[in-house]
Amino acid sequence: MGDQLIVKNSEVIELLPEWAKELATKYCSKTANLYILNGNIRDYLPNQTYEEMFDFVRIQEFISDVLFGNRDIIIFFDRSSGVNFLSQDMQKVYLKTLETVYPDISYEELLSSDPTKAFKYLEKYFLMNLSKNTRIVLIIDYAEAIVTNCDIARMTDEDKYSLVTLNRWSQDPIFTTGDISVILLTENLSDLSPRLVRSPSTIKINIPIPDEKVRTSFLNYKDRQNSLILEDRLNTERVAKITSGLNLINLNQLVAESFEGDKPISLEYLKYRKKEIIENEALGLLEFIETEHDLSMVSGHEFVKKRFRSAAKAIKQGRLDVLPMGYLISGPVGTGKSFMVTAFAGEIGVPIVKLKNFRSKWQGVSEANFEKVLNILKAMAPVGVLIDEADAFLGNRNQEGDSGTSNRIFAQLASFMGNTDYRGKIIWFLITCRPDILPIDLKRQGRAEEHLALFYPDTNEEREDLFETLIRKLKLKVQQNVGISDLLKKYKLESSGADIEAILIRAKFNATMNNHIIITKEDLEETIRDFVPPAYPHEIELQNLVAVIECTSREMLPKKFQNLDRSKMVEQIRELKLLLGEINE
């Protein structure tokens, strides 16, 4: 029976999701019997028995009905419900069989939720059925509660028993050849014991968040049930495209809320609820960055804007293959690096999310958080991912003091960033004023391969243009022809974009206190005369020089940096680091 196809007929297998085809192939090869299904396991799954006909079911039903056809013996186990069977008849046979061996054991104990008891009796039952050529499938839900991710020294006796038992089952040829399969269900692989996950006899299969095709099928299914209400400008295909990153449970919730309230789903409602749901699903580890601006609201930095506009054109033409995997954006503080990225998002209409701190002091939690985030990003594609202060946020391969957690996360991120399957679909933006600290693993070709740099305004024209742009951005009313460059020069103020924005905000306050709406030249001069920008001259000089060194185009550099000798800059950088105490003689 193990040689048979595990779905109902050969036509149906072609209609299965890719992960289910993989499970079917692995099962039929009879080379393993322990499977870990991870990822989007709490969602509805499409039970597609015929083309264009869907019936969405839970994963346990999908495995038992679609993959194994409800044949032979299918057993369920978790720490809450204990041992259960697909049917009452299967359970009666189990109890009667074991009653012959354990006449004094109660049915309650034979169906115990304690794995030390349940696994003992299940193993005996497995062995008693080997000669009957019976296929047995054991589905263990919430596997992380049975073989949790922790050091073996900290495991309880029950944890050790469960780990050893499952490992033994996976490696014992008696169970493999006897057609006994064990399927563990967990959302995150990193929640499970690494000894089990990394075992060569364990098959790991990821269930992704549904793609656009499945979301469309689900919405059509709800439409056939007359429970989908859409505004006239929307249809199921467009809703499916907009809701990338949502699973079917989320989608069903949106549909149900709309139907119960007798209110059609609108475009604005979809965008709002998508943001809310994904941020909640990501446990607050992703934050949507919303912008009302495009690149026209960025002053100066013409070379960088040109690069981003070219990328936007490629995206709109569907030429994702020509896009870089990611961008490294450097430059001193206050040059508008984050604003440049959000303006690019406004240019292309692709959502940008900010990756927040996913690290935890508890073992295994950081890896689980990061695994969840990466799965959501895959489903959201196309999406941009902004990592601010990347040099401090991402760490490196050689961090110490956290039992190797940071090293594993770094390796996982580097591998994910370099996966060319996501070129143009997941665009990385690493923002830092210290690119020299960022590990070379992340800024090499194939990861953050496009290196861009922003600098302070270098000419009077650039300062004037920045001033006018900030007025539009802040929606201020300012007296015309105030000559901001002359005022800055008069008071010998070397200013960044952030400094000029701060000056405008303070000038607006002065104007309000002086009882007028329009900011006058006098308001600005009073503000500039009093303004003292944060003074970090050595830090700023260092940030400028490392950004220059990182640049991959001379055209991007301000004139004062274009002809500097590179070796001399390297020596200057070293001297500044010595001065700041970053390195020793």
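Determine which member of the set Gly401, Gly364 is of a type outside the set (Val, Ile, Thr), farther than 30 Å from Tyr456 by Cα, more than 19 Å from the chain's Cα centre (by Cα) and at pLDDT below 90.
Gly401
Within the stretch 254-283, how many residues turn out to be open to solvent by less than 50 Å² (accessible area, probe 1.4 Å), in a helix (DSSP H, G or I), more than 16 Å from Tyr44 (Cα to Cα) and free of Cβ contacts under 8 Å to residues at least 40 places away in the same chain?
So the count comes out to 7.
Look at the stretch 1-57 and say how many of its residues are modelled with pLDDT under 70, in a loop (DSSP other than H, G, I, E, B) and either under 20 Å from Ile136 (Cβ atoms) or not polar (S, T, N, Q) (or both).
Step one: of the stretch 1-57, the residues modelled with pLDDT under 70 are 1-15, 48-54.
Now restrict to residues that are in a loop (DSSP other than H, G, I, E, B): 1-9, 14-15, 48-49, 51-52, 54.
Those left that are additionally either under 20 Å from Ile136 (Cβ atoms) or not polar (S, T, N, Q) (or both): 1-8, 14-15, 51-52, 54.
Of the residues in that region, 13 qualify.
Need a quick list: helices (runs of 4 or more DSSP H) entirely within the stretch 144-253 having at least 1 residues that are open to solvent by 30 Å² or more (accessible area, probe 1.4 Å), under 30 Å from Pro382 (Cα atoms) and of a type in the set (Phe, Trp, Tyr).
Answer list for the stretch 144-253: 212-224.
Could you please find all residues in the stretch 63-85 being open to solvent by 20 Å² or more (accessible area, probe 1.4 Å) and of a type in the set (S, T, N, Q)?
Result: Asn70, Ser80, Ser81, Asn84.
Can you report the number of residues in the stretch 131-143 which are open to solvent by 70 Å² or more (accessible area, probe 1.4 Å) and within 33 Å of the chain's Cα centre (by Cα)?
1
The values are calculated or read from the model by the stated rules, or taken from the named source; none is laboratory data. As the structure is a prediction and not an experimental result, all values here were calculated from the model. Please note: Cβ atoms are built from the backbone with ideal geometry, for glycine as well, and neighbour counts cover all protein chains shown. Each accessible area value is taken on the protein alone, full model and side chains, heavy atoms only, with ligands, DNA and RNA left out. Shrake-Rupley method; radii C 1.70, N 1.55, O 1.52, S 1.80 Å.
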